[in-house]
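Written below as structure tokens is the structure these notes are about.
The values are calculated or read from the model by the stated rules, or taken from the named source; none is laboratory data. As the structure is a prediction and not an experimental result, all values here were calculated from the model. In case anyone asks, the SASA skips ligands and DNA or RNA and just uses the protein heavy atoms, side chains included. Shrake-Rupley method; radii C 1.70, N 1.55, O 1.52, S 1.80 Å.
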Amino acid sequence: MNTIGLVAFALVGSTKAIREEFDLFGITIVGLAMAFVGGATRDVLVLRTPLALQSPIEIALGMLGVALAIALQVVLASPDTHPITLVSDAIGLAAFATAGAIVATEAGVSAFGVVAIATINAVGGGAFADLLLDRAPFILFEDFYASCAVLGGLTYVVAGIVGVAGSTAAALCAAVTVVTRLVAVTYGWELPTAGELEPPTR
């Protein structure tokens with residue numbers, strides 16, 4: 001799960017930087033930030049050294065995602081909105097939500113902690129990448145995105161409570177997250193704003 005998430009999110013983050021016309025160094029930094037910040041935050045919360053600092057393979061996987069994004073820019077007119085990028089984003093979200101849920105469960109945190117860490121793992125990198133791109137993290141004001149990771153984390157917790165095996169619970173978490181995200185993209189789901197909840201004026 002971690003491997004899939006690293007490559008997918010490095011690709012998505014780099015694509016965002018390409019859209020903003022960053023240079024190659026900037027593209028690499030944004031791509032790696034999106035790939036690693038969520039997982040590093042997860043590891044700090046469960047009191048362990050971030051995986052990115054333990055193995056050069058982790059960085060290599062992130063660089064693979066960056067290279068794929070640059071390659072897509074060469075062959076596609078609008079890689080940031082291409083189905084390849086959108087599906088990669090959904091897969092990365094699901095992979096990191098699942099990885100976060102697994103790590104949190106192994107760390108012995110509460111059910112709330114499992115869902116929280118799964119969500120942070122899934123969306124923390126994207127939020128930080130948006131800050132590097134000088135904009136408010138989009139998960140806070142548009143799209144049905146972080147909610148997908150929350151649903152995936154809840155699925156993992158509920159599956160564990162009813163006695164589902166760990167591997168099956170992980171598969172269910174990933175499936176719920178990726179399917180929910182792809183459906184949200186397809187149908188343009190968004191959470192309502194406070195203004196939309198106001199009573200209509202007469």
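Remarks
- Here the Karplus curve 6.51 cos²θ - 1.76 cosθ + 1.60, taken at θ = phi - 60°, turns the phi angles of region 89-97 into couplings of 4, 5, 5, x, 4, 5, 5, 6, 4 Hz, with x standing for Gly and Pro.
- All C-alpha to C-alpha distances of region 1-116, sorted into 5 Å bins beginning at zero, yield P(r) values of 2, 13, 22, 22, 17, 11, 7, 4, 1, 0 percent in whole numbers.
- Sequence-ordered 3J(HN,Hα) estimates for region 103-118 from the Karplus curve with 6.51, -1.76 and 1.60 and θ = phi - 60° stand at 4, 5, 5, 5, 7, x, 7, 6, 4, 4, x, 4, 5, 5, 5, 4 Hz, glycine and proline given as x.
- P(r) of the chain over all Cα-Cα pairs, binned every 5 Å from zero, in whole percent: 1, 9, 16, 20, 19, 15, 10, 5, 3, 1, 0, 0, 0
- For the chain, a Gaussian network of Cα nodes joined below 10 Å ranks 62, 113, 153 by mean-square fluctuation, and the top entry is 113.
- Couplings 3J(HN,Hα) of region 187-194, computed from phi: 9, x, 5, 8, 6, x, 8, 4 Hz, in residue order, whole Hz [Karplus 6.51 cos²θ - 1.76 cosθ + 1.60, θ = phi - 60°; x for Gly and Pro].
- Distances between placed amide hydrogens fall under 5 Å for residue 143 paired with 191, all partners being 5 or more residues away or on another chain.
- Solvent-accessible surface of region 38-191, taken per residue with a 1.4 Å probe and all protein chains present: 48 Å².
- The apolar share of the surface of the chain, taken as the fraction of accessible area on carbon and sulfur atoms (1.4 Å probe, ligands and nucleic acids excluded), comes to 69 percent.
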